Amino acid sequence: MTGWDVTPSGVDFVTSLVGDAIEEIDKAVKSYGTNAKSAADSAGSISGPVCGAVPTGPVGAALALFVDRTARDVMFLSARAAKSANGAREATAYYVVGNLEMASDTQHKALAAPKIDLPGDKRGGDHK
């Protein structure tokens with residue numbers, strides 16, 4: 001590394017903004033599943049009168065499939081932002097105490113994609 005020019009207060013300011021954004025993303029992620037389920041329930045079905053639970057219609061099935069296939073990507077958004085912000089904070093802390101090697105190593109590790117583990121997901125934690 002040829003040189004570092006880090007302003008710790010600037011890093012703190014920017015990572016706090018990222019933290020605020022992550023909170024908003026987390027709120028959106030929580031409402032994502034609820035809103036998709038509500039939309040699927042409201043979409044109705046192509047059946048006549050039924051006794052008991054109404055069968056899922058094609059729109060509801062498509063929404064469920066969409067949510068299932070995009071859940072990992074949605075979760076990845078806040079996990080990526082958090083890993084980057086935490087890596088920046090940790091690397092800056094090493095920079096402040098003069099350990100540029102650990103700062104560089106920490107910065108490099110923060111670049112790796114976070115692992116996302118979803119319940120019942122057989123693909124594993126890698127983001128793909």
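The values are calculated or read from the model by the stated rules, or taken from the named source; none is laboratory data. Computed from a predicted model, the values in this text were never measured in an experiment. No Cβ is skipped: glycine too gets one built from the backbone with ideal geometry, and neighbour counts run over all protein chains shown.
Taken over the range 71-97, the criterion of being out of contact with any Leu (no Cβ under 8 Å at 6 or more places or on another chain) and modelled with pLDDT under 90 is satisfied by 73, 74, 77, 78.
To keep it simple, each residue is scored yes or no on (1) assigned to a loop (DSSP other than H, G, I, E, B); (2) within 20 Å of residue 119 (Cβ to Cβ).
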| site | (1), (2) |
| --- | --- |
| 21 | no, no |
| 40 | no, yes |
| 53 | yes, no |
| 64 | no, yes |
| 81 | no, no |
| 98 | yes, no |
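When the range 118-127 is filtered for residues that are surrounded by 12 or more Cβ atoms within 10 Å (Cβ to Cβ) and at pLDDT below 60, the ones remaining, listed by number, are 125, 127. When the range 17-30 is filtered for residues that are surrounded by 12 or more Cβ atoms within 10 Å (Cβ to Cβ) and not charged (D, E, K, R), the ones remaining, listed by number, are 18, 19, 21, 22, 25, 28, 29. When residue 111 is tested against (1) of a type in the set (A, V, I, L, M, F, W, C); (2) in contact with a Gly (Cβ under 9 Å, 6 or more places away or on another chain); (3) under 18 Å from residue 26 (Cα atoms), just one condition goes unmet, and that condition is (3).
For residue 98, the conditions (1) without any contact (Cβ under 8 Å) to a residue 24 or more places away in the chain; (2) more than 21 Å from the chain's Cα centre (by Cα); (3) surrounded by 14 or more Cβ atoms within 10 Å (Cβ to Cβ) all hold with the exception of (3).
Yes or no, residue by residue, for (1) surrounded by 12 or more Cβ atoms within 10 Å (Cβ to Cβ); (2) within 30 Å of residue 105 (Cα to Cα); (3) within 24 Å of the chain's Cα centre (by Cα):
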| site | (1), (2), (3) |
| --- | --- |
| 3 | no, yes, no |
| 11 | yes, yes, yes |
| 37 | yes, no, yes |
| 57 | yes, no, no |
| 71 | yes, no, yes |
| 74 | yes, yes, yes |
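Tell me, yes or no, whether the range 109-117 has at least one residue that is at pLDDT below 85 and in a loop (DSSP other than H, G, I, E, B). Looking through the range 109-117, at least one residue is at pLDDT below 85 and in a loop (DSSP other than H, G, I, E, B). Considering the conditions (1) at pLDDT 80 or above; (2) over 20 Å from residue 30 (Cβ atoms); (3) touching a Lys or Arg at 6+ places or on another chain (Cβ under 9 Å), residue 63 is excluded by exactly one of them, (2). The set of residues in the range 22-35 being more than 30 Å from residue 98 (Cα to Cα) and within 13 Å of the chain's Cα centre (by Cα) consists of 23, 24, 25, 26, 27, 28, 29, 30, 32. Kindly evaluate residue 33 against the criterion of being loosely packed, with under 13 Cβ neighbours inside 10 Å, without any contact (Cβ under 8 Å) to a residue 60 or more places away in the chain, outside any helix (DSSP H, G or I) and not acidic (Asp, Glu). When the stated conditions are applied, residue 33 does not pass them.
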